[in-house]
Amino acid sequence: MARIDFYHLQKWPLERALPELLERVLARGLRAVVTTGSADRAKDLDALLWTYADDSWLPHAAKGGAEPAEQPVWITDEAENPNAANVLVITEGADFLDPAGFERCLDIFDGAVPDDVESARRRWTRLRDAGHDLSYWQQDENGRWTQKANSAKS
């Protein structure tokens, strides 16, 4: 079963949290597929990863890009894993890939959007009941991640 970490955005937007989390994934020598809800949003996240910091960028490509199998990070709005990623990153509730096919899953949801919170709660229950190892992380007042729950305690 996959280890699944839910990240509850409260202080930062996805555009700030996603690059940081992906940097951690790549630092561990892992590959990621990032799922999102629309082709336009995939293009936005593609542009973000080129420009999020003046002195940094993340090697990646998005759906329609060249050589998907060579990319350490792939961004898509479809049920695909063309880069053989071992980490699934769910954004905006785009949970169309089965997390059981990955070592880890990062489910990032916006606490300011009630529908996103409710959708994340439904995913938590479904994935917990399927036997996955779940952790819930919430941002503190400084934007640091603090573990608030795990499936063994919920």
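Bear in mind that the values in this text are calculations on the coordinates, not laboratory data. Computed from a prediction, not measured in an experiment: that's the story for all the values here. Every residue, glycine among them, receives a Cβ derived from its backbone with ideal geometry; neighbour counts consider all protein chains shown.
Scan (1) farther than 24 Å from ASP110 by Cα; (2) in contact with a Ser or Thr (Cβ under 9 Å, 6 or more places away or on another chain); (3) of a type outside the set (Gly, Ala, Ser) for the single condition LYS63 breaks and write down its number.
Of everything listed in (1) farther than 24 Å from ASP110 by Cα; (2) in contact with a Ser or Thr (Cβ under 9 Å, 6 or more places away or on another chain); (3) of a type outside the set (Gly, Ala, Ser), LYS63 misses just condition (1).
Being within 17 Å of LEU14 (Cα to Cα) and polar (S, T, N, Q) is the filter; apply it to region 82-125 and report the residue that is surrounded by the most Cβ atoms within 10 Å (Cβ to Cβ).
Result: THR91.
In region 87-103, which residues are assigned to a loop (DSSP other than H, G, I, E, B) and either in contact with a helix residue (DSSP H, G or I) (Cβ under 9 Å, 6 or more places away or on another chain) or over 26 Å from PRO114 (Cα atoms) (or both)? Even if it seems obvious, please write down each step before you answer.
Here is the first cut: in region 87-103, the residues assigned to a loop (DSSP other than H, G, I, E, B) are 92-98, 102-103.
Correct list: GLU92, GLY93, ALA94, ASP95, PHE102, GLU103.
Cβ-Cβ below 7 Å, separation at least six or inter-chain, first residue in region 34-53 and loosely packed, with under 13 Cβ neighbours inside 10 Å, second not in a strand (DSSP E or B): which pairs?
Cβ pairs passing all conditions: SER38/ASP77; TRP50/TRP57.
Looking at (1) more than 23 Å from ALA47 (Cα to Cα); (2) in contact with an Asp or Glu (Cβ under 9 Å, 6 or more places away or on another chain); (3) touching a residue at least 40 places away in the same chain (Cβ under 8 Å); (4) among the aliphatic types (A, V, I, L, M), which is the one condition that is false for ALA112?
(2)
Looking only at residues that are surrounded by fewer than 19 Cβ atoms within 10 Å (Cβ to Cβ) and in contact with a helix residue (DSSP H, G or I) (Cβ under 7 Å, 6 or more places away or on another chain) in region 1-18, which one is farthest from ASP55 (Cα to Cα)?
Across region 1-18, the extreme among qualifying residues is MET1.
Pick out the one residue from ALA112, ALA84 that is in a loop (DSSP other than H, G, I, E, B), over 13 Å from the mean Cα position of the chain (by Cα) and on the phi > 0 side of the Ramachandran plot.
ALA84
Output the residues belonging to region 54-81 that are in a strand (DSSP E or B), of a type in the set (S, T, N, Q) and crowded, with 18+ Cβ neighbours inside 10 Å.
Across region 54-81, the qualifying residue is only THR76.
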